1. Determine the dipole magnitude for region 1-485: charges of +1 sit on the beta-carbon of Lys and Arg, -1 on that of Asp and Glu, nothing else is charged, the reference point is the Cα centre, and the result goes in debye to the nearest 20.
2. R0 = 60 Å: FRET efficiency of R99 with T482, Cβ-based, nearest 0.05?
3. Tell me, what % of the accessible area of region 1-485 is carbon and sulfur with a 1.4 angstrom probe?
4. Dividing the alpha-carbon radius of gyration of region 1-485 by 2.2 N^0.38 Å (N being the number of residues), what value is obtained?
5. With a 1.4 Å probe and every protein chain left in place, work out the accessible area per residue of the chain in Å², rounded to a whole number.
6. What is the distance, in nm, between label points placed 7 Å from the Cα along the Cα-to-Cβ direction at R146 and at W471?
7. Using modelled amide H (1.01 Å from N, peptide plane; none on Pro or chain starts), what sits under 5 Å from the amide H of D296, excluding residues fewer than 5 places away?
8. What length, rounded to one decimal in nm, is gained on full extension from L15 through to I450, with 0.36 nm per residue of separation minus their alpha-carbon distance?
Amino acid sequence: MTGVLVLVPVVVPLLGAAVYLLAGWRPATRWVSAGSSALVLAAAIATAIPGSQRQTGLLRADALSTFMLIVIGAVALPATAATPAYLRGEIDAGRATARTAARHSVLVQVFLAAMALAVLAANLGVVWIAVEATTIVTAFLVGQRRTRAAVEAAWKYVVICSAGIALALLGTFLLNFAGRHAPGGPGLDLAALTAHASGLDPAVTRIAVVLLLIGFGTKAGLAPLHAWLPDAHSQAPAPVSALMSGVLLSVAFYAILRVKVIADAALGAGFSRAVLIVMALASLVVAASLLLAQRDYKRMLAYSSIEHLGLVALGAAIGGPLAVAAALLHVLGHGLAKATLFLSAGRLLQTTGTSRIDGVRGLAASQPALAGCLGAGVLALIGLPPFSVFASELGIARAGFTAGLGWVTAVAVALVVVIAAALIGHTSRMLLGAPPDGPGAATAPRELPITVGVVLIGGLLTCAALGIAAWPLTPLLHTAATTITGTP
């Protein structure tokens, strides 16, 4: 096993982008994107094998990076596998052309490469560049339909995320300044910064950490700079929404975890814990308050993403191996469930022509297969057993009470219950009742394409399997948690 394996998750999607750029979208190339995602997942699994070489140049894969690569591959595979059917529906409806599909596929492949680079980069500066690259690429995907709402959402996404990423850049400069003047001169090398964190200037490091947490937190959809997320996720094509919600937010939070490791070693665990608790609770409050009166089911799923990243932030703030391992498992479970739901929502939008909750009724009678996947996905999202979100939320709650953060955990649990009630209420109104005759009635064939059905059911079954027994990932989760907390 050589260090070339670490290059695969970055190079393969770029090659896929080149294929679409040169050959366009046609029957011979429509599955290249799914094949690229499968290779990324396979490379991530191979990297997790003990004894494999995990470093080459500026790329390094420890347990945390490897786990995040698995998340990228596991979410990208269903999203890209469902893309051909989605794009065919858009082309048949006259909302897209073969050229649009080719451009979409090129951008998605570059998007995957940028996310892989972000989690593999050994240097914080490269992490920042990769995260910024995802903003540039996905801005074009958000505005793909070129409607007024889509263009507005794309610009809102660019402006807010650029403001956040600018804060992260300033924090990166300050941390580099502290690193250059610390013993050993670690610069922005993540491993070296962690090893020499005790020599960093506390005042400069404190300012840098706050800027980095808020900056990368913006891209992760955490309050206070979260306002871009509902618009972008609701206007993006369904496979892109699945990728953005299911994995992009988690990649941005990966950067936060790397910063937290350095901050805890330099300033003690209390500083980053306080900042993350404030951001986590604020995100949960925002999600709960806006979900109660939500009228758009794609925006409903987007606000749910704010909730779940808030829970991940809470797990990271609590710290300790149990909380961090539960937060990482939550990242994977949420990614699979949310990918399933956004792909279901995309199919629902194509067949009904409306994204309004009150415009969809009787889905269980008119489209039972899609309704079953949508309903099961919501149950997975709210943490009903046996889905993995239940196990991860339980782990975070247990760790919170054990760590002496009972009041914080209790508030978070109460908000999660409110959010679950809102999601069940909105979804049940869509699934039950008599199908409407006007807007919301099916405007396309009601049969769920076989590939889409396989993808949706496969994602739900995987999410359930991880909730029953996560043993294939247990050693990796334990090692990744140790990497973050520094304790076995």
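The values are calculated or read from the model by the stated rules, or taken from the named source; none is laboratory data. Keep in mind it's a predicted model, so treat the numbers as computed, not measured. A quick note on method: Cβ atoms are made from the backbone with ideal geometry, for glycine too, and the neighbour counts reach across all protein chains shown. With ligands, DNA and RNA removed, areas are computed over all heavy atoms of the protein, side chains included. Shrake-Rupley method; radii C 1.70, N 1.55, O 1.52, S 1.80 Å.
1. 660 debye
2. 0.80
3. 70 percent
4. Region 1-485 yields a ratio of 0.92.
5. Ligands and nucleic acids excluded, the figure is 35 Å² per residue.
6. Between R146 and W471, the label points sit 5.4 nm apart.
7. Amide H to amide H, under 5 Å and 5 or more residues apart or across chains, D296 pairs with I357.
8. 153.8 nm
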